[in-house]
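Below: one structure, written as structure tokens.
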Amino acid sequence: MKSFIKVILRCSVALSLVLTTSCEDYLDATDESVISPDEAFENFTNFQGYTEELYHCIPDFTNAYWTNSWNWGEDEIQSSARDFHFGVKIDNGNFWGWQSEHDGWQAGWMDRNNTNTNDDRFTKSLWKLGWYGIRKANMGLENLDKMTGATEEERNLIKGQLLFFRGWFHFQFMQYFGGLPYIDYVLPSDEKLTLPRLSYQECAEKAAQDFREAADLLPVNWDNTTVGRRTLGKNALRINKIMALGYLGKNYLWAGSPLMNSESTGSRSYNPELCQKAAAAFAELLNLCESGEAPYRLLPFSEYSKNFYTTSQNWQMPGGTEAIFRGPYYGANGSNWGTSKQYQPAPVIADGDVKFLPTANYVDYYGMANGLPIKDITQADAESGYDPAYPWRGRDPRFYNDIVFDGVKVVQGSMPDNVKDDRYANLFTGGSYRNVSTGSRTGYLLYKFIPITANKYDNGYGYGNSLNIHIPWMRLADIYIMYAEAAAQGYGAPNGKDPNYSKTAVEAINVVRDRAGVGHVADQFQGSLDAFTGEVRRERAVELAFEGHRFNDLRRWLLLTESPYTLKKSVEFDRAGEFNTEDPRQNRVVNLREEVILERKFSNKHYWLPLKNNDVNMYLEFAQNPGW
């Protein structure tokens with residue numbers, strides 16, 4: 001931390017007036033390009049130019065490298081051809097792998113040697129730019145008095161953005177590393193560091209103060225402000241009240257979760273008081289959205305994919321009306337070199353040897369269309385209607401949207417005669433799509449983030465320059481599910497609710513299910529908090545599948561080290577009877593079973609990532625996480 005701060009201390013505040021200017025670039029700047037700090041902060045235009053570099057400190061985890069790893073729970077497994085991504089290192093218990101010192105490929109988005117705030121998606125890393133962003137926010141806050149030629153609205157917009165980013169970068173660090181020093185002033189270059197690590201909840205309370213004040217200062221919609229009308233229609237990424245409330249609630253819910261509560265108080269249960277605070281923040285946000293004051297809405301299920309990718313020839317950033325918080329997207333074609341190929345088996349319908357596959361055990365969370373879970377994939381269940389002879393029939397509609405299973409027609413157009421049998425996903429045991437090295441290890445493929453035609457036969461891997469994958473950090477469906485968890489845990493029952501919001505925890509889950517056409521939470525899960533908690537977690541697993549949430553969810557729930565969450569499995573079966581090419585959901589299978597591919601050997605130390613040794617050796621009070 002200090003070593004990076006020393007670098008940015010040498011940089012003038014003027015470096016940020018140009019959005020894509022980096023610290024290193026500035027150090028090489030000519031004397032004529034340097035302006036005084038007073039001029040940098042004197043009016044809104046200059047100060048906003050300074051502030052906007054913070055947006056370029058947000059990592060683009062979806063497109064940070066040629067191929068990209070961001071799912072580190074039991075949800076995903078990588079093909080065996082390569083082992084440099086952090087997900088493989090986590091499987092092996094090597095949590096040091098997030099650090100650039102342990103990543104020879106420089107493929108990770110959490111830390112990278114070449115870090116910059118330019119327009120290069122490969123130069124965004126959380127650790128370096130997060131500390132840089134915190135210092136930049138503090139420098140701005142300490143220079144607010146210099147913005148004399150500004151309206152109250154302009155001052156509020158600047159201060160609100162700076163407070164949000166200070167809280168956001170601290171929150172990102174906390175969820176991976178635990179309580180840290182909360183840096184809320186500009187550290188002098190000659191100051192001897194003695195800042196202690198706070199407990200998680202102490203740190204979270206400071207972040208909450210920043211998020212709360214930001215929410216009070218910022219508008220719901222920049223387009224409705226005097227300042228925002230100058231850039232009308234181009235304000236979607238600018239920090240607003242909804243983003244601040246979303247992270248205020250998430251910050252409180254994380255702080256109230258079992259892992260964080262245990263770190264802070266010794267109790268391995270939820271903290272009801274913090275969960276109530278989380279529910280209140282989410283309720284305030286949802287009231288603004290449902291009343292129409294805020295422009296956020298759940299996308300209709302027919303447009304669900306717009307949350308994650310677009311295919312328009314006239315480039316449009318993914319997210320639609322549902323994405324709440326996104327970082328910048330660095331131009332068309334960023335998804336096509338590797339990301340769009342990493343979900344398709346090679347050499348069958350794609351090139352490349354790094355493939356990311358949904359585990360069979362995780363796909364099991366996708367229950368039935370009537371809303372009931374699958375208890376055991378090998379056993380028939382009259383209540384839910386699941387039949388192991390027809391395991392793809394009657395499933396949650398999100399299963400068919402996200403997952404390619406055996407028999408799905410993958411290639412839509414013409415194919416050479418010698419490979420025409422690969423038009424359909426041959427994912428049965430021994431099928432052509434099943435390949436441990438470059439195909440499916442699990443019996444499934446993940447197509448949540450690519451269209452079905454993104455293959456080498458239909459569209460040259462990904463629609464040329466018009467396929468753009470960009471997964472949001474936070475979307476509205478996430479808010480409904482987090483509200484349900486917070487309200488239930490805060491008020492001790494499935495029908496728990498914030499007093500200022502109309503919906504109970506159960507009703508919030510049903511809002512998300514209604515969009516997908518899935519049955520409501522069954523009565524059997526509403527009789528106790530424990531029963532409902534399991535269903536909330538399953539809903540979170542399905543709705544937010546493969547969007548980068550699972551690893552931190554397992555950690556905060558204290559489940560990362562517990563079986564079956566340590567297992568990654570494949571589904572094995574043989575086809576039976578006539579193969580139905582028109583509707584693969586009706587295909588019958590025999591010998592259905594799941595087999596363990598690997599078991600992750602974790603201990604309690606794996607609940608927190610290790611800090612860098614260079615950083616923890618800077619001063620005594622900045623201690624390493626236990627076990628590392």
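With the structure loaded, tell me whether GLY430 is at positive phi and surrounded by fewer than 18 Cβ atoms within 10 Å (Cβ to Cβ) or whether it fails that test.
yes
Every residue, every condition in (1) touching a helix residue (DSSP H, G or I) at 6+ places or on another chain (Cβ under 8 Å); (2) over 19 Å from ARG588 (Cβ atoms); (3) touching a residue at least 12 places away in the same chain (Cβ under 8 Å), yes or no:
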position: VAL348; (1), (2), (3): yes, yes, yes
position: TRP392; (1), (2), (3): yes, no, yes
position: ASN418; (1), (2), (3): no, yes, no
position: ASP422; (1), (2), (3): no, yes, yes
position: LEU427; (1), (2), (3): no, no, yes
position: GLY431; (1), (2), (3): no, no, yes
position: THR442; (1), (2), (3): yes, yes, yes
position: LEU446; (1), (2), (3): yes, yes, yes
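Exactly one condition in (1) under 22 Å from LEU285 (Cα atoms); (2) among the basic types (Lys, Arg); (3) out of contact with any helix residue (DSSP H, G or I) (no Cβ under 8 Å at 6 or more places or on another chain) is false for LYS497; which is it?
(3)
Run down SER189, SER199 and say which single residue is surrounded by fewer than 22 Cβ atoms within 10 Å (Cβ to Cβ), among the polar types (S, T, N, Q) and either in contact with a His (Cβ under 7 Å, 6 or more places away or on another chain) or closer than 29 Å to SER264 by Cβ (or both).
After applying the criteria, what remains is SER199.
Look at ARG398 and say whether it is part of a loop (DSSP other than H, G, I, E, B), charged (D, E, K, R) and modelled with pLDDT of 95 or more.
Spelling it out, it is not the case that ARG398 is part of a loop (DSSP other than H, G, I, E, B), charged (D, E, K, R) and modelled with pLDDT of 95 or more.
Can you tell me which residue within the stretch 89-112, out of those that are surrounded by fewer than 18 Cβ atoms within 10 Å (Cβ to Cβ) and of a type in the set (A, V, I, L, M, F, W, C), is farthest from ASN604 (Cα to Cα)?
Step by step, filter the stretch 89-112, then rank; the result is TRP105.
Just checking, how many residues over the stretch 328-349 are crowded, with 21+ Cβ neighbours inside 10 Å and farther than 18 Å from TYR65 by Cα?
Summing the residues that are crowded, with 21+ Cβ neighbours inside 10 Å and farther than 18 Å from TYR65 by Cα in the stretch 328-349 gives 3.
Search the stretch 285-298 for residues that are at pLDDT 95 or above and pair each with any residue that is among the aromatic types (Phe, Trp, Tyr) and not in a loop (DSSP other than H, G, I, E, B) when their beta-carbon atoms are under 9 Å apart and the residues are at least 6 apart or on different chains.
Qualifying pairs under 9 Å: LEU285/TYR483; LEU286/TYR480; LEU286/TYR483; LEU298/TYR480.
Kindly check whether there is at least one residue in the stretch 415-430 that is modelled with pLDDT of 95 or more, in contact with a Ser or Thr (Cβ under 9 Å, 6 or more places away or on another chain), within 30 Å of ARG515 (Cβ to Cβ) and outside any loop (DSSP other than H, G, I, E, B).
The answer is yes, given that some residue of the stretch 415-430 is modelled with pLDDT of 95 or more, in contact with a Ser or Thr (Cβ under 9 Å, 6 or more places away or on another chain), within 30 Å of ARG515 (Cβ to Cβ) and outside any loop (DSSP other than H, G, I, E, B).
Suppose we keep only residues that are of a type in the set (Gly, Ala, Ser), closer than 30 Å to SER257 by Cβ and in contact with a Lys or Arg (Cβ under 9 Å, 6 or more places away or on another chain) within the stretch 202-232. Which one would you say is surrounded by the fewest Cβ atoms within 10 Å (Cβ to Cβ)?
Here the residue is ALA208.
From the list ARG166, ARG135, ARG121, exactly one residue is modelled with pLDDT under 95 and under 26 Å from PRO610 (Cα atoms). Which is it?
Result: ARG121 is the single residue among ARG166, ARG135, ARG121 that is modelled with pLDDT under 95 and under 26 Å from PRO610 (Cα atoms).
Restrict the check to the stretch 610-622 and report whether at least one residue is under 22 Å from MET368 (Cβ atoms), surrounded by fewer than 19 Cβ atoms within 10 Å (Cβ to Cβ) and touching a residue at least 60 places away in the same chain (Cβ under 8 Å).
No; the residues of the stretch 610-622 include none that is under 22 Å from MET368 (Cβ atoms), surrounded by fewer than 19 Cβ atoms within 10 Å (Cβ to Cβ) and touching a residue at least 60 places away in the same chain (Cβ under 8 Å).
Out of all the residues in the stretch 325-357, which are outside any loop (DSSP other than H, G, I, E, B) and touching a Lys or Arg at 6+ places or on another chain (Cβ under 6 Å)?
LEU357
Quick one: which of LEU217, LEU187 is touching a residue at least 60 places away in the same chain (Cβ under 8 Å) and farther than 26 Å from ALA280 by Cα? Explain how you work it out, then say what you get.
Numbers: LEU217 fails: farther than 26 Å from ALA280 by Cα.
From the options LEU217, LEU187, the qualifying one is LEU187.
Go through the stretch 489-507 and count every residue that is outside any loop (DSSP other than H, G, I, E, B) and either crowded, with 22+ Cβ neighbours inside 10 Å or not charged (D, E, K, R) (or both).
Number of matching residues: 5.
The values are calculated or read from the model by the stated rules, or taken from the named source; none is laboratory data. Just so we're clear, the structure is a prediction, and the values are computed from it rather than from any experiment. Quick reminder, even Gly has a Cβ in these numbers, built from the backbone with ideal geometry, and neighbours come from all protein chains shown.
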